[in-house]
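**Q** Would you mind keeping the following structure in view while I ask a few things?
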Amino acid sequence: MTEPGPADNLAELEAVQQTALRLLAGVPRLPATLRVQSGGVTLELEWGAGPAASVGPAVPVDVPLVEVTADHIHAPTVGVFYRAPAPGSQPFVEEGTVVSPGQQVALVEAMKLMIPVTADRHCRIVEAMLPDGTPVEFGQRLFVVAPVEEA
């Protein structure tokens, strides 16, 4: 039997991340603790006693976390919106950029996890609606987009 490699751990980390976000999105307030395990990766979260924080609206498990509707790209989860992969680096997209389905256009940081924001169709970025570091809610509009004919 072979030892799990980095690619296996990344897949397990992604599974743990998505499970934790879906669990938290389905509850009206944060639990005291949360533990999610997949293979060799375990995520344990603990919140101190204090006023209960709202997690945000529930995300149905059977729909995509990011969707493009009504000419907008929306936030996939509650968190902090970032246009670039790191402070001081170039944004993933600029106004006028034509993007393909699945192309990353931004990040939302939730519980120290970076959740990619992706387009689900061929479109052109018309406007970024928020600056870096803006707190966002699930489903909040992040980009105005326009349809583009596929080549």
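The values are calculated or read from the model by the stated rules, or taken from the named source; none is laboratory data. Just so it is clear, the structure is predicted and the values come from calculations on it, not from any experiment. Glycine also receives a Cβ, built like all others from the backbone with ideal geometry; neighbour counts cover every protein chain displayed.
**Q** Any chance you could count how many residues in region 81-126 are of a type in the set (A, V, I, L, M), over 18 Å from Val144 (Cα atoms) and free of Cβ contacts under 8 Å to residues at least 60 places away in the same chain?
**A** So the answer is 2.
**Q** Then there's this: On the given criteria, is Gly139 free of Cβ contacts under 8 Å to residues at least 60 places away in the same chain and on the phi > 0 side of the Ramachandran plot?
**A** no
**Q** Right, something else. Residue under question is Val27, and the condition is that it be at pLDDT 60 or above, more than 23 Å from Gly133 (Cα to Cα) and in a loop (DSSP other than H, G, I, E, B); does it hold?
**A** Yes, satisfied.
**Q** Can you name the number of the only condition in (1) surrounded by 12 or more Cβ atoms within 10 Å (Cβ to Cβ); (2) part of a loop (DSSP other than H, G, I, E, B) that Leu142 fails?
**A** Every condition holds for Leu142 apart from (2).
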